[in-house]
Amino acid sequence: MSESHTSTELYTKQPFPSGYAKVGWGLTAVGLALVVVSYILNTERALFNNLIGFIFLASIAAGAVFYLALEYAVGAVWSTPFRRVTEFLGYLFPFVIIFSIPVLLNMHTLFHWSHSDAVAADKLLQVKAPYLNTEFFYIRNAVIVAVWIIFFYAMSRNSLIQDLTKDQRITKTNIKLGVAFIPIFAISISLFGIDWLMSLEPHWFSTIFGVYFFSGTVLGSLAVITYFVVDFAEKGLFFKGIRKDHYYTFGALLFGFISFWAYIAFSQFMLIWYANLPEENFWFIERWENGWKIVSIAMTLVHFWIPYFMLVARPSKMSPKNLKLSAVIIVLAHFLDLYWIVMPMYNSSPVFGFYEAAFPILSIGIILLVISRRARKYNLVPIGDPKLQRGIDFRL
Amino acid sequence: MSNSNVLYALTATFTSPDDIIRAAENVRDAGFKKFDVHTPYPVHGMDDAMGIKETKLGFVTLVAGILGAIGMILFIYWISAIDYPQVIGGKPYWSWPAFIPITYEITVLLSVLVTVGAMIAVFFKFPNVSHPLHDTSFMKKVSSDKLGISVQAVDAKYDEKLLREIFKKNHAESVEPVYYTEEFISFKPRMFDPKFLLLLAGVAIVSSACGYISWNKLAFMVPYDWMMEQDRINPQSVDTFYEDGFGMRMPVEGTVARGFMPYPYKGKPDDAGKYLVNPLLPTKETLELGKKKFLTFCSPCHGNFGDGDSRLNGQFPNPPTLHSDKVRNWPDGNIYHVITDGQNVMPSYQYQISREERWAIVHYIRALQRSQHAKETDLP
């Protein structure tokens with residue numbers, strides 16, 4: 001018996017359903033219209049939301065590069081048949097750059113430390129100025145994003161070439177790239193989070209913030225990957241013989257990163273709450289008073305408790321429907337997380353309106369468009385990869 | 001094998017995981033129930049191939065985890081909010097965020113221990129530590145580089161010919177029956193074997209020595225002692241940081257200890273009489289408490305009934321009776337004041353007797369006075 005021994009029918013490329021692009025264009029159009037309207041009506045509020053949208057796209061794209069590198073670095077087999085979805089997400093980088101332009105043009109609206117008179121009057125900002133000044137900020141983040149793009153482009157190009165040449169040496173090259181990227185990613189993602197999110201409140205201290213941002217990033221990115229993998233699998237776009245074993249690995253990884261996020265988020269909260277030092281605790285007080293309490297509690301629910309219990313049992317990690325639903329919840333939770341970090345700087349009490357919906361709609365539209373464009377062009381399965389057959393045969 | 005004759009199982013070894021998977025599938029499909037697969041490393045997909053149902057062990061873990069979480073949170077609540085409440089960092093006694101890490105750890109610890117315990121006790125049938133396959137050549141092979149399968153003879157469908165066929169079809173390297181050995185049949189767990197006890201004692205000595213060294217020696221060596229070597233002011237010691245050279249600082253003026261009420265009428269008995277009101281009701285409990293404290297603290301000088309008949313035989317001036325008109329007409333506050341602040345040679349008792357107990361004594365003295373000066377309305 002069993003599919004695993006008789007050789008698999010190898011992947012044949014199928015016409016990609018046009019629904020993705022349709023929904024993608026629709027969402028993009030609606031999102032773009034809302035973005036334009038919000039910039040006209042309230043530029044400041046739009047800018048803060050723009051920052052959220054920018055960080056969201058950046059974290060999905062950067063997280064995808066991380067998973068790509070991770071698969072090669074650790075020699076993972078189970079994820080090989082689905083690696084293309086991860087690779088496609090790297091093509092979000094052009095949009096990341098576009099999203100960053102309004103933010104970069106309006107640094108003064110968002111970042112208190114970018115005002116030279118504020119720095120002149122503030123001892124703490126002066127001490128931080130060697131790191132936190134606009135020139136170094138630009139250079140640093142340009143380098144970070146450039147490094148991400150270079151690594152992504154190199155690995156994904158190699159992978160696509162392998163489809164044609166079936167050259168096994170390419171896998172070796174990519175392993176080297178992946179191993180090199182992981183420590184680089186650890187540092188760059190921390191700096192990225194500190195620069196764009198933590199520095200919104202330059203008086204705040206939290207030594208765990210880099211890890212906090214990392215945990216949200218990898219979780220959000222994994223949720224997007226999981227959604228598309230499960231959706232493509234359900235539509236039969238991959239290969240025959242996708243099993244619960246394959247689903248299970250995604251469920252288990254999601255579950256693990258949900259717990260990891262909660263662990264880091266709670267650690268940050270508890271240590272600050274316990275020490276109760278004024279230079280740390282005000283950040284959480286701002287996110288507890290004036291109605292933020294509800295947002296904070298809601299975030300623990302949607303970012304941890306709900307998806308945690310949705311995925312805790314073994315069978316629920318194998319159910320495609322359940323996986324898709326929890327992936328969607330986590331993506332929304334990632335938005336909420338960024339909102340929770342950014343928006344208290346805009347207004348002392350939480351505001352929800354079409355401004356806040358504009359960038360999520362646009363970002364999701366763009367993700368759908370990017371995915372469908374890539375999926376139409378390239379194989380959905382890396383047919384030249386030497387690990388492919390083992391990945392297809394993967395069993396728990 | 002030779003010196004006993006009860007058949008335990010038919011075993012076969014294979015060289016590739018694909019063969020053993022297919023062999024297991026065939027054995028399963030042929031309807032055998034009592035068989036097992038032994039491999040030197042986990043073979044993915046084996047559960048399905050053997051037709052093993054999902055283990056129930058997860059429920060054991062779940063229950064243990066829930067019990068651990070609830071038990072621990074209640075336990076910490078009891079410790080820090082009921083049994084030994086202490087103010088730490090100005091937080092309320094019940095500061096749940098601080099308890100989460102411990103609760104989390106105990107949840108994990110208990111679920112792991114119970115899971116492993118249940119696995120050993122229920123699924124491995126502890127304390128049975130012997131198995132017919134032990135020390136067979138089959139076991140030696142499958143614990144190094146072969147993959148093996150064993151079908152027990154007690155299986156309802158046991159059929160040696162069929163099995164040999166299945167094994168052969170799947171390229172079995174060797175097929176051999178395994179018998180209950182003499183050793184197995186006569187095996188008795190020897191818990192009190194001197195060798196075993198000696199081993200236990202050895203383990204105990206070694207582990208306590210390691211514990212001793214790491215906690216008493218290692219922990220005081222560089223770099224582990226860096227936390228102790230911080231700049232700090234030790235209690236009761238001189239310190240040059242402050243001008244007056246005292247390491248310990250006086251509390252800020254006006255500081256009041258928790259639960260302590262400053263007494264504002266020191267040296268002002270009249271004010272005490274005027275403004276203080278007994279906060280307690282003369283209930284049975286109050287009077288009993290008052291009696292107990294009066295007999296303990298006051299009776300040596302004032303006598304059991306407050307008559308001033310001291311038991312001290314003139315070592316201390318005899319106090320006046322408490323039944324005098326003066327004391328009877330005093331407001332409660334005056335008596336309270338005498339206990340709290342003393343009067344002439346009578347010392348203050350504010351440090352020995354709590355506020356509540358002092359008021360209870362006042363009630364008791366009133367009862368004593370009433371017993372000698374009953375009103376007519378007191379008659380039944």
| remark: If we keep only residues of the stretch B:84-95 that are within 10 Å of another protein chain (Cβ to nearest Cβ) and not β-branched (Val, Ile, Thr), then the residue surrounded by the fewest Cβ atoms within 10 Å (Cβ to Cβ) is B:Gly90
| query | Would the stretch A:318-341 turn up any residue that is within 14 Å of chain B (Cβ to nearest Cβ) and in contact (Cβ under 8 Å) with a residue 60 or more places away in the chain? | reply | yes
| task | Select from the stretch A:266-282 the residues that are in a helix (DSSP H, G or I) and more than 9 Å from chain B (Cβ to nearest Cβ) and write down the one among them that is surrounded by the most Cβ atoms within 10 Å (Cβ to Cβ). | result | A:Ile272
| remark: Note on B:Met50: of the conditions (1) touching a residue at least 40 places away in the same chain (Cβ under 8 Å); (2) more than 10 Å from every other protein chain (Cβ to nearest Cβ); (3) under 26 Å from A:Asp245 (Cα atoms), unmet is (1)
| task | Just name the residue that is modelled with the highest pLDDT out of those in the stretch A:117-139 that are in contact with a Leu (Cβ under 9 Å, 6 or more places away or on another chain) and surrounded by fewer than 15 Cβ atoms within 10 Å (Cβ to Cβ). | result | A:Tyr138
| query | Can you list the helices (runs of 4 or more DSSP H) found entirely within the stretch A:77-154 that contain at least 2 residues being of a type in the set (Val, Ile, Thr)? | reply | A:83-89, A:93-105
| query | Do we find a residue being outside the structural domain of B:Ile365 (by TED's automatic domain parsing) and among the polar types (S, T, N, Q) anywhere in the stretch B:302-317? | reply | no
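Residue by residue, here is whether (1) in contact with a strand residue (DSSP E or B) (Cβ under 7 Å, 6 or more places away or on another chain); (2) assigned by TED's automatic domain parsing to the domain that holds B:Val63; (3) loosely packed, with under 15 Cβ neighbours inside 10 Å; (4) in a strand (DSSP E or B) holds:
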residue	(1), (2), (3), (4)
B:Ser111	no, yes, no, no
B:Val114	no, yes, no, no
B:Ala118	no, yes, no, no
B:Pro132	yes, yes, no, no
B:Val151	yes, yes, no, yes
B:Lys161	no, yes, yes, no
B:Glu165	no, yes, yes, no
| In this structure, does B:Asp29 turn out to be over 43 Å from the mean Cα position of the chain (by Cα) and within 14 Å of another protein chain (Cβ to nearest Cβ)? | yes
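Listed here are the residues, each with its yes/no results for (1) out of contact with any Phe, Trp or Tyr (no Cβ under 8 Å at 6 or more places or on another chain); (2) of a type in the set (D, E, K, R); (3) modelled with pLDDT under 95.
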| site | (1), (2), (3) |
| --- | --- |
| A:Met1 | yes, no, yes |
| A:Tyr11 | no, no, yes |
| A:Thr28 | yes, no, no |
| A:Ile55 | no, no, no |
| On the given criteria, is B:Phe187 over 34 Å from the mean Cα position of the chain (by Cα) and aromatic (Phe, Trp, Tyr)? | yes
| task | State the number of residues belonging to the stretch A:283-317 that are under 16 Å from A:Thr207 (Cβ atoms) and more than 14 Å from chain B (Cβ to nearest Cβ). | result | 1
| remark: Exactly one of B:Thr55, B:Thr15, B:Thr103 is polar (S, T, N, Q), more than 11 Å from chain A (Cβ to nearest Cβ) and under 48 Å from the mean Cα position of the chain (by Cα), and that one is B:Thr103
| task | Could you tell me whether any residue of the stretch A:241-258 is among the basic types (Lys, Arg), away from chain B (no Cβ under 14 Å) and not in a helix (DSSP H, G or I)? | result | no
| message | Looking at the stretch B:212-233, can you tell me whether even one residue there is closer than 30 Å to B:His337 by Cα, in contact with a helix residue (DSSP H, G or I) (Cβ under 8 Å, 6 or more places away or on another chain) and not in a loop (DSSP other than H, G, I, E, B)? | response | no
| request: Within the stretch B:345-380, work out how many residues are of a type in the set (S, T, N, Q), within 53 Å of the chain's Cα centre (by Cα) and surrounded by fewer than 14 Cβ atoms within 10 Å (Cβ to Cβ). | output: 3
| query | Within the stretch B:144-175, can you find the residues that are aliphatic (A, V, I, L, M) and within 16 Å of B:Glu25 (Cα to Cα)? | reply | B:Leu147, B:Ile149, B:Val151, B:Leu162, B:Leu163, B:Ile166, B:Ala172
| Among the residues of the stretch B:200-215, is any surrounded by 13 or more Cβ atoms within 10 Å (Cβ to Cβ) and not polar (S, T, N, Q)? | no
| task | Identify all residues within the stretch A:181-238 that are under 30 Å from A:Lys321 (Cα atoms) and of a type in the set (Asp, Glu); write none if there are none. | result | A:Asp231, A:Glu234
| note | In the set B:Ala81, B:Ala23, the lone residue that is away from chain A (no Cβ under 14 Å) and part of a helix (DSSP H, G or I) is B:Ala81
| message | Given the options A:Tyr263, A:Tyr227, name the one that is in contact with a helix residue (DSSP H, G or I) (Cβ under 9 Å, 6 or more places away or on another chain), within 14 Å of another protein chain (Cβ to nearest Cβ) and not polar (S, T, N, Q). | response | A:Tyr263
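The values are calculated or read from the model by the stated rules, or taken from the named source; none is laboratory data. What you see is a predicted model, and the numbers here were worked out from it, not measured in a lab. So basically every Cβ, Gly included, is an ideal-geometry build from the backbone, and we count neighbours across all protein chains shown.
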